[in-house]
Amino acid sequence: MPDRLTATFSRLCTAKRKAFVAYIAAGDPDFDRSLEIMRALADLGSDIIELGLPFSDPLADGIVNQMAADRALKAGMTITRVLELIRSFRKTHATPIVLFTYLNPVFTYGFGKFHRDAADAGADGILLLDLPPDEVGQDPSLATGPELKRICLIAPTTPPERVRLLAGTAEGFIYALSRTGVTGAHGAPSANIAELVASIKTHAHVPVCVGFGISTPEQAAAVAAVADGVIVGSAIVKQVELHPDNPVEAVRVFTAPLIAATKKQGPW
């Protein structure tokens, strides 16, 4: 039986549809409403949910996601609580979950133990932002093992030989950055996305999804036209910040048109 990520992309390919990947910070603004947001995103049609582990020093994130992590930490989120959040979500939904995190909290928890516990809770993949695959080769204790699919990042500035390395070893899907910089909707996607995706696909055996700077249905449609999936993060997270009284409904209203624009695109 295929894993949830593989099964999801297989289903989308058959339906000639593109994937919509939604990012939120786990526990933002608190445990219960974060769970409601996850369920709402799944019910709207998000194909994959990227769940950011709150961390005190998120260097690759822009201010929106930094503040989301801060809200979650202040609300009492820990790795243990994140795993509880996933288990609660799994009681009602089968939408794949990819953990978006830095190495420090995972290493502190125990690298192997984290991967096993996260998979047991219901996570499907992991994107370790600051763990280059080269270092995994030098330290076997950092190998992810079979429990979670290893998602990799490829940027527009990644040298061709490194694109070949990353794309050839990626699992689940590839997260292609539409532009350089930190996360956030402050910059529109690059005009060279089609070229970037094509170059990655030359070496990839998994789908290529594109994120960074996507915040409107028009941008989502443009990216979906050339990629296998669209990733939206900061623009969704911003709704939680802007609408503290009802973040669930705000996320639902904002995200629905983005999903609709993504789903209209096909075939692969």
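Longer than 26 Å from Cα to Cα, which of Lys16/Lys91; Lys91/Lys113; Lys16/Lys238; Lys18/Lys238 are they? Say none if no pair is.
Numbers: Lys16/Lys91 29 Å; Lys91/Lys113 22 Å; Lys16/Lys238 30 Å; Lys18/Lys238 24 Å.
Table pairs above 26 Å Cα-Cα are Lys16/Lys91; Lys16/Lys238.
Would you work out what percent of the accessible area of the stretch 7-110, with all protein chains in place, is carbon or sulfur (probe 1.4 Å)?
54
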Extension gain (nm, one decimal) between Thr92 and Asp43, 0.36 nm per residue minus Cα-Cα: 16.6 nm
Lys, Arg +1 and Asp, Glu -1 on Cβ, resulting dipole of the chain about Cα centre, debye, nearest 20: 760
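When ranked by the protection proxy of mean other Cβ atoms within 10 Å per residue, highest first, what sequence do the peptides 53-60, 153-160 form? Spell out each step's value before the answer.
Values: 53-60: 17.5, 153-160: 15.1.
Top of the packing list down: 53-60, 153-160.
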Accessible area per residue in Å² at 1.4 Å probe, computed on the chain: 42
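Take the alpha carbon gyration tensor of the stretch 12-134, find the square roots of its eigenvalues, order them as a ≥ b ≥ c, and report rounded if a/c is under 1.5; if not, report prolate when a/b exceeds b/c, else oblate.
Rounded, because the longest to shortest axis ratio a/c is under 1.5.
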Convex hull projection area averaged over all views, the chain, Cα basis, nm²: 12.6
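Could you tell me what % of all Cα pairs in the stretch 205-264 have separations over 12 Å?
Values: 1134 of 1770 pairs.
Every Cα pair in the stretch 205-264 considered, those over 12 Å come to 64 percent.
Taking the Cβ-Cβ separation of Val253 and Glu161 as r and a Förster radius of 51 Å, what is the calculated FRET efficiency to the nearest 0.05?
Numbers: r = 44 Å, r/R0 = 0.87.
Once the sixth-power term is evaluated, E becomes 0.70.
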Fully extended contour minus Cα-Cα distance, from Ser10 to Thr202, at 0.36 nm per residue: 67.2 nm
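The values are calculated or read from the model by the stated rules, or taken from the named source; none is laboratory data. Source: prediction; values computed, not measured. All Cβ positions, glycine included, derive from the backbone under ideal geometry; neighbour counts span all protein chains shown. Surface accessibility is based on the protein's heavy atoms, side chains included, excluding ligands, DNA and RNA. Shrake-Rupley method; radii C 1.70, N 1.55, O 1.52, S 1.80 Å.
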